[in-house]
Amino acid sequence: MNKTLSEVIADILIHNGAVIEKKDDGCLEFLATETLADKLGLPDYGRLRFGYNDSSGDAISATYDSELFKAMAKLLKGKGEFSVASFESSCPNTGKLLKNLNETIVLNNAAFRLEKSETKEISYLLCYFKYTAISDEKREGIAQVLINELNLSAIPFEDGLPGLEDSGEGSAGIERQDIETVFRSSYSAGVEMVKERLKDFVRSLERRLNRDIRRVHEYYEILKNEAGIAIEKKTASTGDRRVREEEIERQLKKKINAIETECKWKVQDLITKYSLNIQIEPLSIIRIETQSPVLWINIRRRLASRSFPVTYNPLIKELDALPCELCFNPKKPYFICDNKLHIICSTCFKICPDCGKQYCGACHINGCPKCGNKIKSGRK
């Protein structure tokens, strides 16, 4: 079960000798030891608040960007950044897994067949990321990504971890990809998962942006109308009708250009105000070693083929989904590229908006190989 920030901080303070009491207003009342108070820059006694708009008297801020939160790193330095654990799994019947294989693997432009099945030691990384989303408002939280170190299948992992045992430095000889590749893939997946988690927040930003832009345009349309009326009154005394109309047109054009320029600046200010900047940073990693059935499939695309391991995940008790080898946060269906037989999700199997060519984003990260058009890559 996920814990709130106040619960996590309470656990840390209690572990370091503090006495904690939760109050009805959401604050934590603490009594700290002298050593703990010195390390965190706290008084011996006080209250902690966890809301950005919380006005709980003289309570000390304990939000993610507070000085206290940063000081907590002193208590945790060198602890828990990377650990290894084992999970004793109960492997299911391979025959049952084979029945689910066709539902798990949906390839739009390729075929596959089972080569062999085996039970072997595999490992997962459970990566904890802190994310910060900043716009006119701020959202923060912790994202957990579970990634298979053999095939890079990644999922958001919100469940608890039952039955883990400390494994020290872990087992030698487990087949896995290099740690840099695995971590980079988990980071990419984490960015996409955070975006999905913030969908409602993004929709709210878009609604408010569109509302404010509409109001700005309405306001400046009123200014244009008022400018026309004012100029007509100002030139009313001009005797010659043709000269008067030319003067009105000249002044009105000048005024409208100035109004439209100012309107564009205001709209751009709003776009900047509501633009969303998402940052994520790693907090800690747990390597989980376990035993699992591995189904080796042969993926065929035209005359080419490649072997790929599909694994049963004992932590979630189902087959791991295929990874998208670009964003690592795939959505069915999958495609197989012609060049290197990358497994690509529909989002990353891009269609060039200029020439219409469909191409693999993992092979061509800079854009369309046909016309050179650069479009946003799936990986961040």
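The number of residues in the range 307-331 being surrounded by fewer than 17 Cβ atoms within 10 Å (Cβ to Cβ) and at pLDDT below 95 comes to 4. Look at the range 226-276 and say how many of its residues are in contact (Cβ under 8 Å) with a residue 40 or more places away in the chain and among the basic types (Lys, Arg). Selection size over the range 226-276: 2.
Please verify whether residue 350 is over 19 Å from residue 183 (Cα atoms), touching a Gly at 6+ places or on another chain (Cβ under 6 Å) and modelled with pLDDT under 90, treating the condition exactly as stated. The answer is yes for residue 350. Residue 279 passes every criterion in (1) in contact (Cβ under 8 Å) with a residue 60 or more places away in the chain; (2) of a type outside the set (Asp, Glu); (3) under 29 Å from residue 343 (Cα atoms); (4) touching an Asp or Glu at 6+ places or on another chain (Cβ under 8 Å) apart from (4). Per the listing 288, 271, the residue uniquely out of contact with any Lys or Arg (no Cβ under 7 Å at 6 or more places or on another chain) and under 30 Å from residue 73 (Cβ atoms) is 288. Considering (1) among the charged types (D, E, K, R); (2) in a strand (DSSP E or B); (3) touching an Asp or Glu at 6+ places or on another chain (Cβ under 7 Å), the lone condition that residue 273 does not fulfil carries the number (2). Considering the range 18-33 alone, what residues qualify as being at pLDDT 90 or above, surrounded by fewer than 17 Cβ atoms within 10 Å (Cβ to Cβ) and assigned to a loop (DSSP other than H, G, I, E, B)? Matches in the range 18-33: 33 only. Is it the case, given these coordinates, that residue 23 is in contact with a Leu (Cβ under 7 Å, 6 or more places away or on another chain), of a type in the set (D, E, K, R) and outside the structural domain of residue 183 (by TED's automatic domain parsing)? It is false that residue 23 is in contact with a Leu (Cβ under 7 Å, 6 or more places away or on another chain), of a type in the set (D, E, K, R) and outside the structural domain of residue 183 (by TED's automatic domain parsing).
Yes/no matrix, rows are residues, columns are (1) over 30 Å from residue 172 (Cα atoms); (2) out of contact with any Pro (no Cβ under 7 Å at 6 or more places or on another chain):
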| residue | (1), (2) |
| --- | --- |
| 294 | no, no |
| 314 | no, yes |
| 324 | no, no |
| 328 | no, yes |
| 338 | yes, yes |
| 348 | yes, yes |
| 351 | yes, yes |
| 366 | yes, yes |
| 369 | yes, yes |
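Residue check: is residue 81 modelled with pLDDT of 90 or more, under 30 Å from residue 165 (Cβ atoms) and either in contact with a strand residue (DSSP E or B) (Cβ under 6 Å, 6 or more places away or on another chain) or surrounded by 11 or more Cβ atoms within 10 Å (Cβ to Cβ) (or both)? When the stated conditions are applied, residue 81 does not pass them.
The values are calculated or read from the model by the stated rules, or taken from the named source; none is laboratory data. Predicted model, so just to flag it, every value in this text is computed and none were measured. Methodologically, a virtual Cβ is constructed for each residue, glycine included, from the backbone with ideal geometry; neighbour enumeration extends over all protein chains shown.
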